[in-house]
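What follows is a short report on a single structure.
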Amino acid sequence: MKPVIEIRNLVKIYKVGEIEVPALRGVDLTVRSGEFVAIMGPSGSGKSTLMNLIGCLDAPTSGEYFLEGIEVSKLSPNEYAEIRNQKIGFVFQGFNLLPRTSALENVELPLFYNRKNRIRDPQKKAQEALLRIGLGNRIHHEPNQLSGGEQQRVAIARALINEPSILLADEPTGNLDSKTSVEIMSLFQELNDQGITILLVTHEHDISHYAKRILEMRDGRILRDYPVRKRLIAKEVLESLKEEVS
């Protein structure tokens, strides 16, 4: 499979007054199309910085980053914004939905920023995205009328609306209870089975085992990079939870 992400000697240094704080210290990483990668590490390990650079939310101090063969690290701010909107879908811990705005309108939003591929019927496309993630009957509900799991599903539908090359999820189960977390991981596994490349930041060891590959970070470096041997299958976990209740 072709690499979606190629990173070579990526360095990120933040300046706090006169002090330089290294967040990434020369990271090398290749992610191929269709992979499901979990990034783990303690606070300050560099995992969120790496995710921000991959997501084009920040620029590296030095090093190279190629996204589908495009050298992102050399793009202008406008080109950064364009590639971020077209090739990357984001899912956050806090959902980041607009209040007093329906699920449908929240999902539609990225389409209005996509200048290259204007969609003739954005409402229909947003509705299809909500159906895809199992929320077809909640499209007119506002965030405060939805459960945490439903809000995260809306956020996932919004992330998928522009058919991105990669889906970046930053602690997507951090605000959810155990069962809802497994339901969201089941959705991620379904999307990955459909060919979507997923990078997931998590501090939860069990959540990382729904992925196919784990990166462990510390002090701005990747310490370990290994395939998940005893992978958790979310549908099986949900079935076992049902049996426990009954």
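Every number in this text was worked out from the coordinates using simple rules, so none of it is lab data. This structure is a prediction, so every number in the text was calculated from the model and none was measured. So basically every Cβ, Gly included, is an ideal-geometry build from the backbone, and we count neighbours across all protein chains shown.
Check whether at least one residue in segment 25-37 is farther than 18 Å from Arg213 by Cβ and hydrophobic (A, V, I, L, M, F, W, C), and report yes or no.
We begin by selecting, within segment 25-37, every residue farther than 18 Å from Arg213 by Cβ; these are 25-26.
Subset that is hydrophobic (A, V, I, L, M, F, W, C): none.
Among the residues of segment 25-37, not one is farther than 18 Å from Arg213 by Cβ and hydrophobic (A, V, I, L, M, F, W, C), which makes the answer no.
With the requirement that a residue be over 30 Å from Ile139 (Cβ atoms), of a type in the set (Gly, Ala, Ser) and crowded, with 17+ Cβ neighbours inside 10 Å, what does segment 56-106 give you? Before the answer, list the steps.
Going residue by residue through segment 56-106, those that are over 30 Å from Ile139 (Cβ atoms) are 58-80.
So of that shortlist, the ones also of a type in the set (Gly, Ala, Ser) come out as 59, 62-63, 69, 73, 76.
Scanning segment 56-106 gives Gly63, Ser73.
Scan Ser240, Ser208, Ser181 and give me the residue that is out of contact with any helix residue (DSSP H, G or I) (no Cβ under 8 Å at 6 or more places or on another chain) and buried (at least 21 other Cβ atoms within 10 Å of the Cβ). Full working, then the answer.
Numbers: Ser240 fails: buried (at least 21 other Cβ atoms within 10 Å of the Cβ); Ser181 fails: out of contact with any helix residue (DSSP H, G or I) (no Cβ under 8 Å at 6 or more places or on another chain).
Checking each option against the conditions leaves just Ser208.
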Inset, instruction - For segment 213-233, indicate whether the set of residues that are out of contact with any Gly (no Cβ under 7 Å at 6 or more places or on another chain), assigned to a helix (DSSP H, G or I) and touching a residue at least 24 places away in the same chain (Cβ under 8 Å) is non-empty. - result: no
Legend entry - When residues of segment 211-228 are limited to those that are hydrophobic (A, V, I, L, M, F, W, C) and crowded, with 18+ Cβ neighbours inside 10 Å, the one farthest from Val27 (Cα to Cα): Ala211
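Being among the small types (Gly, Ala, Ser) and within 20 Å of the chain's Cα centre (by Cα) is the filter here, so list the residues in segment 24-56 that pass it.
Within segment 24-56, Ser33, Gly34, Ala38, Gly41, Ser43, Gly44, Ser45, Gly46, Ser48, Gly55 meet the criteria.
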Inset, instruction - State yes or no: is Lys124 assigned to a helix (DSSP H, G or I) and touching a helix residue (DSSP H, G or I) at 6+ places or on another chain (Cβ under 8 Å)? - result: no
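Would you pick out the residues in segment 174-188 that are assigned to a helix (DSSP H, G or I) and either within 15 Å of Arg132 (Cβ to Cβ) or not polar (S, T, N, Q) (or both)?
Our first condition is that a residue be assigned to a helix (DSSP H, G or I); within segment 174-188, this holds for 178-188.
Correct list: Lys179, Val182, Glu183, Ile184, Met185, Ser186, Leu187, Phe188.
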